[in-house]
Amino acid sequence: YDKVGAKKKKVMKYSSLSLPKDKLFTWDEVGHFFKGQYILMHSVIFRTKMLRECGIKLPEHTFYVDNLFVFEPLPYVKNMYYLDVDFYRYYIGRVDQSVNESVMISRIDQQIKVNKIMIDYFIEHQAQIKKTKRLCQYMKNFLEIVTTVSSVLLIRSDTEENLEKKEELWQYIKEKDKALYRWLRHGIMGSAMNLPGKGGRKFSVNAYHIAQKIYKFN
């Protein structure tokens, strides 16, 4: 990550604690992923044949579908190989960039749309997903971070309309799958995003700013 105005560059690494290096491996050999450590679109290559087999279809005219691209194929991934190289240089921090915070807030409905598609996909495929413990853990953790981003952007916008959208998003999860809702809602991130009152929302935003500094995202 090469952020405008930042002196240091952030290199995303997946240590041997997360992914074995220089060998073919399966989900059973995948280790622990730390918060902020996720497999994003610019660090992954899927076999084209596998993408066709899983039938992924990204919604048109929609931003943030990269989250779907690195989420929906995962239950179909059987073998992986990790190359510890700087594969892609990602420039961030430009004011007109789609992942810029102010731009994301202006397009928050598209972020919510993608978030809900991910929720629906996980719920519809969870019988298959839960057969593989590490796969299930990873997909739930990734769903957690996307839902956290949606929530904090809605809080950051500081409008009644968007605060209502945040409540609606969490209610959507609850109505779809109560067990998933409890896992997301009562985790560290879910609890931080749902603190009551202005003071609670201020704490949520401050926690988000700390994470920004640590992980160097926009």
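Among (1) free of Cβ contacts under 8 Å to residues at least 40 places away in the same chain; (2) surrounded by 18 or more Cβ atoms within 10 Å (Cβ to Cβ); (3) closer than 19 Å to Pro59 by Cβ, which single condition is Ser106 missing?
Looking at each condition in turn, Ser106 falls short on (2).
Name every residue in the stretch 55-87 that is under 19 Å from His125 (Cα atoms), of a type in the set (A, V, I, L, M, F, W, C) and loosely packed, with under 15 Cβ neighbours inside 10 Å, in order of residue number.
If the condition is that a residue be under 19 Å from His125 (Cα atoms), of a type in the set (A, V, I, L, M, F, W, C) and loosely packed, with under 15 Cβ neighbours inside 10 Å, then Leu58 is the only one that fits.
Filtering the stretch 140-174 down to residues that are in contact with a Phe, Trp or Tyr (Cβ under 8 Å, 6 or more places away or on another chain) and aromatic (Phe, Trp, Tyr), which residue is nearest to Met118 (Cα to Cα)?
Selected residue: Phe142.
Yes/no per residue for (1) surrounded by 13 or more Cβ atoms within 10 Å (Cβ to Cβ); (2) free of Cβ contacts under 8 Å to residues at least 40 places away in the same chain:
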| site | (1), (2) |
| --- | --- |
| Lys23 | no, no |
| Trp27 | yes, no |
| Val44 | yes, yes |
| Arg52 | no, yes |
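Across the stretch 1-18, what is the total count of residues that are modelled with pLDDT under 80, outside any loop (DSSP other than H, G, I, E, B) and surrounded by fewer than 16 Cβ atoms within 10 Å (Cβ to Cβ)?
The number of residues fulfilling the criteria is 0.
Give the residue, chosen from Lys113, Lys78, Lys57, that is without any contact (Cβ under 8 Å) to a residue 24 or more places away in the chain and basic (Lys, Arg). Lay out the reasoning, then the answer.
On the way: Lys113 fails: without any contact (Cβ under 8 Å) to a residue 24 or more places away in the chain; Lys78 fails: without any contact (Cβ under 8 Å) to a residue 24 or more places away in the chain.
That would be Lys57, the only listed residue that is without any contact (Cβ under 8 Å) to a residue 24 or more places away in the chain and basic (Lys, Arg).
Is it the case, given these coordinates, that Val152 is under 30 Å from Lys202 (Cα atoms), crowded, with 17+ Cβ neighbours inside 10 Å, in contact with a helix residue (DSSP H, G or I) (Cβ under 7 Å, 6 or more places away or on another chain) and among the β-branched types (Val, Ile, Thr)? Please lay out each step first, then the result.
Working: under 30 Å from Lys202 (Cα atoms): yes; crowded, with 17+ Cβ neighbours inside 10 Å: yes; in contact with a helix residue (DSSP H, G or I) (Cβ under 7 Å, 6 or more places away or on another chain): yes; among the β-branched types (Val, Ile, Thr): yes.
So Val152 passes the test.
If Val114 satisfies all but one of (1) surrounded by fewer than 16 Cβ atoms within 10 Å (Cβ to Cβ); (2) under 26 Å from Pro73 (Cα atoms); (3) not polar (S, T, N, Q), what's the number of the condition it fails?
The single condition Val114 does not satisfy is (1).
If Tyr38 passes every condition in (1) at pLDDT below 90; (2) in contact with a helix residue (DSSP H, G or I) (Cβ under 7 Å, 6 or more places away or on another chain); (3) assigned to a loop (DSSP other than H, G, I, E, B); (4) more than 18 Å from Lys10 (Cβ to Cβ) but one, which one does it miss?
Status for Tyr38: all satisfied but (4).
Can you name every residue in the stretch 124-167 that is farther than 24 Å from Leu74 by Cβ and in contact with a Lys or Arg (Cβ under 6 Å, 6 or more places away or on another chain)?
Once the filter is applied, which keeps residues that are farther than 24 Å from Leu74 by Cβ and in contact with a Lys or Arg (Cβ under 6 Å, 6 or more places away or on another chain), the stretch 124-167 yields Leu154, Ile155.
What is the number of the single condition among (1) under 16 Å from Trp183 (Cβ atoms); (2) under 17 Å from the mean Cα position of the chain (by Cα) that Gln126 does not meet?
Of everything listed in (1) under 16 Å from Trp183 (Cβ atoms); (2) under 17 Å from the mean Cα position of the chain (by Cα), Gln126 misses just condition (2).
Does His32 count as open to solvent by 50 Å² or more (accessible area, probe 1.4 Å), over 18 Å from Tyr138 (Cβ atoms) and out of contact with any Pro (no Cβ under 8 Å at 6 or more places or on another chain)? Step through it out loud before you land on a result.
Numbers: open to solvent by 50 Å² or more (accessible area, probe 1.4 Å): yes; over 18 Å from Tyr138 (Cβ atoms): no; out of contact with any Pro (no Cβ under 8 Å at 6 or more places or on another chain): yes.
No, not satisfied.
The values are calculated or read from the model by the stated rules, or taken from the named source; none is laboratory data. Computed from a predicted model, the values in this text were never measured in an experiment. All Cβ positions, even for glycine, are placed from backbone atoms using ideal geometry, and neighbour counts span all protein chains on display. Note: areas computed on protein heavy atoms with side chains; ligands, DNA, RNA excluded. Shrake-Rupley method; radii C 1.70, N 1.55, O 1.52, S 1.80 Å.
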